[in-house]
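Structure, as structure tokens:
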Amino acid sequence: MAPEPRANPMLFGHDGAAEALAAGARSGRLAHAWLVTGQPGVGKATLAWRFARWLLAGMPRDAEGEVPLQLPESDPVFRRVSASGHPDVLLLAPAQEAGKRRIIKVDEAREARRFLSLTAAEGGWRIVIMDEVEAMEAPAANTILKTLEEPPPRTVLLLVTAAPGRLLPTIRSRCRRLDLAPLSTEIMRKALGFLAPGADAAALTPLANGSPGRALALAEGEGVELARLARAALQALPQSGAAEAHALADRIAGRDAAGFAPFFDALTRELQAALRDAARGQPAPPWLALRPLPAWVEAASSLRRQVDEAERLSLDRRQAVLVALDTLRRG
């Protein structure tokens with residue numbers, strides 16, 4: 001089991017982003033708000049917590065050859081932050097409520113604003129980490145915007161998101177942005193060796209698209225097999241027809257309900273990864289050329305709506321897979 005980001009002592013990759021944070025702090029002109037972006041599971045929250053610990057510990061100098069922002073697990077600040085016991089750092093994240101959309105509520109945003117207005121309990125910085133910040137409801141976003149417009153001295157907001165486009169442009173414009181790229185194959189295997197020593201890194205790495213978090217999710221249950229099925233379904237799009245669609249629907253529907261949503265998650269991730277590569281000018285899979293990129297974006301959104309509806313209404317899983325594959329074929 002991988003440690004929670006607030007207690008994770010390791011950072012794999014992202015040295016450039018860590019160095020940017022350190023340089024900003026040491027310059028005496030640290031930006032009051034940072035927007036940390038990247039695909040799910042790539043290490044955004046881990047970096048945010050690593051920076052928070054380091055800043056609260058007084059910005060200790062890194063030893064030669066050490067990963068930036070390093071703080072030993074034995075350090076009192078590390079222990080207190082990892083145990084949620086430090087008075088100068090606050091986490092806001094959407095709460096999980098059964099049957100409800102995960103959101104950050106306005107009352108929570110107001111608490112963050114009040115927290116930042118107080119004097120640091122230990123004479124240093126006050127830090128708010130907002131994870132999945134795209135889940136703010138509109139009044140919460142407006143409250144955070146007010147804080148960004150008039151930040152109290154010696155305060156930092158670290159906004160963590162995999163969907164920066166869902167934030168208000170005025171929020172994005174008031175933050176310094178750090179984009180975390182997918183990890184290389186070499187770093188992925190090193191990360192999995194630490195986070196999941198017993199996992200099959202050779203099988204997981206090509207399916208995880210540079211995200212250790214996704215690799216760990218795939219390692220559970222039938223994740224690897226479902227991801228392979230999703231990738232194969234997309235790769236076969238130019239030639240596949242009704243017979244192939246029915247065969248795949250039978251395979252997915254034949255599993256228990258726990259395999260249904262992960263298959264759609266894998267399908268959506270493959271789509272999103274291909275779209276990111278295309279947007280960055282990197283090689284894209286042949287099936288992406290079947291239609292314009294905006295049509296694929298809409299197809300990904302449609303897939304998400306379909307699986308949510310199928311689970312909420314207990315619809316036939318086989319038919320849901322057929323509808324999804326038809327959506328991909330037709331655009």
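A few comments on the model shown:
- Lysine pair number, Cα distance threshold 26 Å (strictly under), the chain, separation 8 or more or different chains: 5
- Once the gyration tensor of the Cα atoms in the stretch 107-248 is diagonalised, the equivalent ellipsoid follows with semi-axes of 41, 21, 13 Å, ordered largest first.
- Residues whose amide H lies under 5 Å from that of LEU92, counting only those 5 or more places away or on a different chain, are ILE129, MET130, ASP131; hydrogens are built 1.01 Å from N in the peptide plane.
- Placing unit charges on the Cβ atoms of the charged side chains and taking the dipole of the stretch 1-124 about its Cα centre, the candidate lying farthest along the positive direction among HIS32, PRO94, GLN70 is PRO94.
- Share of Cα-Cα pairs in the chain lying beyond 24 Å, as whole percent: 60
- Over the stretch 1-140, the fraction of Cα-Cα pairs per 10 Å bin, rounded to whole percents and listed from the shortest bin up, is 11, 40, 37, 11, 1.
- Estimated dipole of the chain in Debye, rounded to 20 [Cβ of Lys and Arg +1, of Asp and Glu -1, Cα centre]: 740
- Förster-model FRET efficiency, 22 Å R0, LEU290 and ALA163, C-beta, rounded to 0.05: 0.35
- Its Cα centre serving as origin, the stretch 202-331 has a Cβ charge dipole (Lys and Arg +1, Asp and Glu -1) of approximately 340 debye.
All of the numbers you see were taken from the coordinates with simple rules; none came from a lab. Computed from a predicted structure; not experimentally measured. Here the Cβ is made from the backbone with ideal geometry for all residues, glycine too, and neighbour counts use every protein chain on show.
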